Amino acid sequence: MNCSRCHADKQRVFNSEIAIHFPGHEGLDKSLVFVFPKLTVCFHCGLTEFTVPERELQVLEHGSPVNGAAVLTQRVSRLPETKTQTPSPGTNG
């Protein structure tokens, strides 16, 4: 099989895990969509191609979870950063 961009015959198929994020700030409030496609990578120009499965494609099109699609609907909140305090000069600590 030849590359659809450069027509080289130096391609290989790889397994993958991809998390697709919706764009922009409004995308931060939407689900992450996970796909596990086979990637076809061209070693000449770097073009990488894959197909999004139908259920996950529906999530991307409509912006909401679909039954059976691999999505993360809850965000894990970040733990607050802790600051290391250095003792003041002249104190034990």
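For region 37-64, taking the residues that are in a strand (DSSP E or B) and without any contact (Cβ under 8 Å) to a residue 40 or more places away in the chain, the one that is farthest from Asp9 (Cα to Cα) is identified as Lys38.
Restricting region 18-36 to residues that are out of contact with any strand residue (DSSP E or B) (no Cβ under 7 Å at 6 or more places or on another chain) and not in a helix (DSSP H, G or I), which is nearest to Asn2 (Cα to Cα)? Across region 18-36, the extreme among qualifying residues is Phe36.
Quick note: the coordinates plus some simple rules give every number you see, no bench work behind them. The shown structure was predicted, so the numbers you read here are calculated from the model rather than taken from an experiment. Cβ: placed from backbone, ideal geometry, glycine included. Neighbour counts: every protein chain shown.
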